[in-house]
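The next block holds one structure in the form of structure tokens; read it before the comments.
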Amino acid sequence: MSDNAVEIHVRPEFENKNLGKATDVDVERPLSLFERIANINAVRKFSILLGLLFAWEIYTRVSGVEPLLFPSFSESAGALWETILTGEMPTKIWVTIKILLVGYAAGLGCAAILLIWAVMTRVGSDVLGTLTAMFQPLPAISLLPLAMLWFGLGASSLVFVTIHSVLWAVALSTHVGFMGVSETLRMVGRNYGLRGIPYIFKILVPAGFASILIGLKVGWAFAWRTLIGAELVFGALSGSGGLGWMVYEKGENLETTYVFAALFMVIVIGLLVENVFFRNIEMNTINKWGMQR
Amino acid sequence: MNDAATGTAGVSPAVPTVEPILDVSGVTLQYKTKEHLITATYRVDFQVFPSDRFVLLGPSGCGKSTLLKGVAGYMQPVEGAMKLKGREITEPGPDRVMVFQEFDQLLPWKTVKQNITFALMNGGKCSSRQEADDVAMEYISKVKLERFEDTYPHMLSGGMKQRVAIARGMAMEPDILLMDEPFAALDALTRRQMQEELLQLWDDTKFTVLFVTHSIEEAVIIGSRILILSPHPGQVKAELNAHQLGHSDVGDAEFAQLQEKIHAMIFADRVLEDETLPNV
Amino acid sequence: MSDQSVTSSGVYVRPEFENEIGAAGTGEVERRLSMFERISNIDPLRKFTILIIMVVIWELYARIGEINELMFPTFSATGTALIDALVNAGLLVNVWNSLKLLLSGYAIGISIAAVLVILAVGSRIGSDLLTTLTAMLNPLPAIALLPMAMLWFGLGPGAIIFTLLHSIIWPVALNTHSGFQSVSETLRMVGGNYGLKGLRYIFKILVPAAFPSILTGLRIGWAYAWRTLIAAELVFGGQVVDTSGQLGAEGSNSGGLGWIIFESQMENQTPYVFAGLFMVILVGITVENGFFRNIEEKTVRKWGMQKA
């Protein structure tokens, strides 16, 4: 490389012998209080939420829009408070939640049975694959007319469609998760002498948990949408039920503030399940294990 | 503190006739984390001349990567100025192409060739696809990846990805090529091979490169001139010549001596860094 | 063991040896599996067989069990009904009616989501606004807005499209936005390095780099929209029965698939309900496996960007 010296511009070396610490500049300085507060996500989002609600209130007051068509925030909140006090809202919520829980649990149970069969035998795996491919794209709500035919106008029809909406989403995701478990982990499991059900629950389930959790979330989202939808359709036909029915009924009676109150509750329940329940599971499992994608 | 003054005093006698390509004078760079404002470099001066293999060397936390990002135009200095061929640097641009350490710097949705032509077309280097194709092929063959021109990046090894990134950088024919520890994530054998290839490429085209590393050996092998930064915040500690040393000299007395000298300079700061660490 | 074979370090030393390989023959090195084994290793074939077996079981169950056709029709009755509906009742028109609504809703929804996300890329306020909105509205089932939509837009396609929009915008915006946010700093800097800015930067760097997330968003958006549409058509069916028929009055062909299912059930034509459901599955599979799978193969899989 010595002949390169002609190509490049050689200049004398130098060294700062007396390089001290820089004193007239902060190496590191805390940000100002305002900047730090503005960096807190929750604070910013909460202010935005308040801003949105405020804009809504102002809009309905200033524009003089017909309250029947678009009630103000304060009226809607008042209606929510009122229905909570009279016990109407808690009753409706409980009706919906009860069906949701029963349907969700039964759906998980069915999925678990199919999955165990699928892990044990190739026929089971093929049956599961075929069934999910067929039924996953079928909106559960479209089975409602049949369900009403088979089970009558009762809660069991709603449970049936809820099961259908949970089952395939969970089965598909979990099956994919199981198949994605590395060969190494499988061999480790068999090395420990695990087989059958213990092998599934001690190795496959935790190893495929990231996928399973996605399935549980998708299953919940479909179930929640299906149930609210089913109650709406149902409401149109029978006239008893939970939150979805309340949205429908109040809409029919042009009690718009109560429609908004019911919608609030639907959002709140959705937020609670997604951001408290599932977020918590996620934190305590895949995040802790460093498995999130 | 008169370090800034001595810094410039050290460089200025070396500029007889040639104009520097890159002129960094008195640059202080700061960035914000969620809680703090951090000064990464403090009043740094240096000049890069045509065909320099200019190495920024220092321990982690000396702001060398931040300095490179400043030159690339990703951040603005709070004081001082950076000039490329006399023009102030205000934003990123294709006249200063950067090669990163990370393997994901190639666009995964483009093949090897498309990665280079995309850069050429969007960087304003070529106006027609045909022209871009020709330039791309020329540089792909320079880094010996002809067989992989239509391969997507995820099929390449780490070393091959870095070669594509280098080919992309050189194809753009920037005024200065910026390399941010480009070989740090490679295994030892590949790294050595890549260093040799880079020097061969340099022998071919004599491009100007600003190279960041934390490896003293790599600095001495790659660099023609080595700038040593002290940590927290980064200040110019020294500028040394290494143009006479390359791969063939590893193990020579002169090589070892220079390595030793640099080590001593950095080590002095290391102690200081360790002492201040608990406060950070 | 004699003492001589033990070294001072306690290791048993044995004599070395070398084998003549090949002298004794090697047995069977490689053999094709039997015909049956090879055929049963073909995935689609096995699944198809299972499908046929299930159909046979269905047929036998409905025939032997002597189930009332109103409750559970045989496969053959369903097949006949499907053909009849396709040929005579114009079932494809109903499918098209549904798809028309869905496609226009999908297109408008994606455009709105795109505008929201582009605004969000520009500033932190925009980003915060979008995340707050999606967080609030994504958990709200779109179908719950139908009663309000009917109030605002009347009983017609306007109300359904509004509901569809709601089911598409939030999942697409949410996934696209989070996809953009997780684009690596390196790729962003590469984009800046080429001098790309504004919309060119978004469409040439961010969109492809976040494509796995965007595709997920599009899929979820489609799934929600499809479910919402069927539900909305069912509710409309209920409405029509209530208010004695604005949609149905023009003849059954003016409604969509959901409406056909509802109507057939009301008229106790269970085989036609099954035929309608069959079409729903068919449309779903076509979109999922035909459309989205195809996009996935040609983009994220080819680029090696798929998650997992």
In Å, the C-alpha Rg and Dmax of chain B are 18.9, 58
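Give the interface area between chains A and B as buried accessible surface, both sides summed, probe 1.4 Å, in Å² to the nearest 100. Kindly include the intermediate steps, with their values, before the conclusion.
Numbers: alone 18490 and 13670 Å², together 28300 Å².
That pair hides around 3900 Å² of surface in total.
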Check B:Ile176: other-chain or 5+ apart residues with amide H under 5 Å from its amide H, H built from backbone geometry? B:Val97
Once label points are set 7 Å from the Cα along Cα→Cβ at both B:Thr205 and C:Ser178, what is their separation, rounded to one decimal in nm? 4.2 nm
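Taking R0 as 22 Å, what's the FRET efficiency between C:Trp152 and A:Leu53 from their Cβ-Cβ distance, rounded to 0.05? List each step's numbers first, then the result.
Details: r = 20 Å, r/R0 = 0.92.
Once the sixth-power term is evaluated, E becomes 0.60.
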Indicate, rounded to the nearest 5 percent, the antiparallel portion of the DSSP beta bridges found entirely in the protein assembly as shown. 60 percent
Find the percent of Cα-Cα distances in the stretch B:75-123 that exceed 16 Å, and round it to a whole number. 56 percent
For C:Ile42 and C:Lys100, calculate 0.36 nm times their separation in residues minus their Cα-Cα distance, and state this gained length in nm to one decimal. 17.1 nm
Do you know which residues of the stretch C:132-147 lose at least 30 square angstrom of accessible area in the protein assembly compared with their chain on its own, with a 1.4 angstrom probe? C:Thr132, C:Met136, C:Pro139, C:Leu140, C:Pro141, C:Ile143, C:Ala144, C:Pro147
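Charges only on Cβ, +1 for Lys and Arg, -1 for Asp and Glu: so what's the dipole of chain C about the Cα centre, in debye to the nearest 20?
Working: 20 positive and 22 negative charges, 259 e Å.
Computed about the Cα centre, the dipole is about 1240 debye.
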Treating only Lys and Arg (+1) and Asp and Glu (-1) as charged, each at its beta carbon, one finds that the stretch C:129-235 has a dipole about its Cα centre, in Debye to the nearest 20, of 340 debye
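Just the number, please: carbon plus sulfur as a percent of the accessible area of the stretch B:109-173, 1.4 Å probe, no ligands or DNA/RNA counted. The partial results should precede the final answer.
Working: 1200 of 2670 Å².
Here carbon and sulfur together make up 45 percent of the probe-accessible area.
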How big is the gap, in Å, between the Cα center of the stretch A:81-142 and the Cα center of the stretch C:255-308? 20 Å
Could you tell me, in Å, what Rg and Dmax come out for the Cα atoms of the stretch B:87-205? 13.6, 41
With the calculation restricted to Cα positions, what are the radius of gyration and Dmax of chain A in angstrom? 28.8, 95
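Do the alpha carbons of any pairs in A:Lys17/B:Lys161; B:Lys144/B:Lys261; B:Lys32/C:Lys204; B:Lys69/B:Lys206; B:Lys32/B:Lys144 sit beyond 32 Å of each other, and which pairs?
Values: A:Lys17/B:Lys161 41 Å; B:Lys144/B:Lys261 36 Å; B:Lys32/C:Lys204 28 Å; B:Lys69/B:Lys206 23 Å; B:Lys32/B:Lys144 41 Å.
Checking Cα-Cα distances, A:Lys17/B:Lys161; B:Lys144/B:Lys261; B:Lys32/B:Lys144 exceed 32 Å.
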In order through the stretch B:132-140: 3J(HN,Hα) via Karplus (6.51 cos²θ - 1.76 cosθ + 1.60), integer Hz, x for Gly, Pro: 4, 4, 4, 4, 4, 4, 4, 7, 4
Stokes-Einstein at 25 °C, 0.890 mPa s, Kirkwood radius from Cα pairs: D for the stretch C:35-80 in µm² s⁻¹? 204 µm²/s
In this structure, among B:Lys113/C:Lys197; A:Lys45/A:Lys98; B:Lys85/B:Lys125, pairs with alpha-carbon gaps over 25 Å are A:Lys45/A:Lys98
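Provide, as a two-decimal number, the C-alpha radius of gyration of the stretch B:183-235 over 2.2 N^0.38 Å, N being how many residues it has. Intermediate values should be presented prior to the final figure.
Values: Rg = 12.4 Å, N = 53, 2.2 N^0.38 = 9.9 Å.
So the Cα radius of gyration is 1.25 times the expected 2.2 N^0.38 Å.
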With the dipole of the stretch C:35-80 defined by +1 on each Lys or Arg Cβ and -1 on each Asp or Glu Cβ, the option from C:Tyr61, C:Thr78, C:Ile39 whose Cα lies farthest towards the positive pole is C:Ile39
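How large is the direction-averaged shadow of the alpha-carbon convex hull of chain C, in nm²?
Values: hull surface 133.9 nm².
Taking the Cα atoms of chain C, their convex hull projects to 33.5 nm² on average.
Note the direction-averaged projected area, equal to a quarter of the hull surface, for the Cα convex hull of the protein assembly as shown, in nm². Don't skip to the end; give the middle numbers.
Working: hull surface 214.3 nm².
Reported value for the Cα convex hull: 53.6 nm².
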Loop by DSSP (not H, G, I, E, B), at most 10 other beta-carbon atoms within 10 Å: where is the longest site-free stretch of chain C for GluC sites (Glu not before Pro)? C:67-308
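Grab the beta carbon distance between A:Glu88 and C:Arg63, set R0 = 41 Å, and tell me the FRET efficiency rounded to 0.05. Write down the numbers at each step before the final one.
Values: r = 49 Å, r/R0 = 1.20.
The computed FRET efficiency comes out at 0.25.
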Kindly point out which whole DSSP H helices in chain C project their C-alpha atoms 20 angstrom or further along the helix axis while averaging a Kyte-Doolittle hydropathy of -1.0 or above. C:43-64, C:91-122, C:157-181, C:211-242, C:270-285
So for each of A:146-153, B:125-132 I average, over its residues, the number of other beta carbons within 10 Å; can you give me the resulting order with the highest mean first? A:146-153, B:125-132
Quick one: if you stick a label point 7 Å off each Cα along the C-beta vector at A:Arg186 and B:Arg129, how many nm between them? 4.4 nm
Using a 10 Å cut-off around each Cβ of peptide C:220-226, what is the average number of partner chain Cβ atoms that fall inside? 3
Expressed in angstrom and rounded, the centroid-to-centroid distance over alpha carbons for the stretch B:235-266 and the stretch B:184-201 is 18 Å
Any residue on another chain or 5+ positions along whose placed amide H is under 5 Å from the amide H of C:Val183 is listed here as none
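After finding the eigenvalues of the alpha carbon gyration tensor for the stretch A:41-131, what semi-axes result from the square roots of 5 times each, listed largest first in whole Å? Kindly include the intermediate steps, with their values, before the conclusion.
Details: eigenvalues 443, 77, 35 Å².
Taking √(5λ) for each eigenvalue gives 47, 20, 13 Å, largest first.
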Can you tell me the order of A:83-95, C:191-203, B:34-46 when each peptide is scored by its average per-residue count of other Cβ atoms within 10 angstrom, highest first? B:34-46, C:191-203, A:83-95
Calculate the spin-label point distance for B:Lys144 paired with B:Arg87, positioning each point 7 Å from the Cα along the beta-carbon direction, and give it in nanometres. 3.7 nm
Helix runs (DSSP H) in chain A reaching 18 Å along axis by Cα, Kyte-Doolittle at least 0.0: A:41-63, A:73-86, A:88-120, A:122-135, A:155-179, A:209-237, A:256-271
Cross-link partners of B:Lys237 among aspartates and glutamates (Cα-Cα below 13 Å; sequence separation of 8 or more within a chain): A:Glu13, A:Glu15, B:Asp3, B:Asp45, B:Asp269
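Before we go on, tell me the buried accessible area for the A/C pair, both chains summed, 1.4 Å probe, in Å² to the nearest 100. It would help to have the intermediate numbers written out before the result.
Working: alone 18490 and 19360 Å², together 32740 Å².
Summed over both sides, the interface buries about 5100 Å².
The values are calculated or read from the model by the stated rules, or taken from the named source; none is laboratory data. Computed from a prediction, not measured in an experiment: that's the story for all the values here. So basically every Cβ, Gly included, is an ideal-geometry build from the backbone, and we count neighbours across all protein chains shown. Remember, those area values only see protein heavy atoms, side chains included, never the ligands or the DNA or RNA. Shrake-Rupley method; radii C 1.70, N 1.55, O 1.52, S 1.80 Å.
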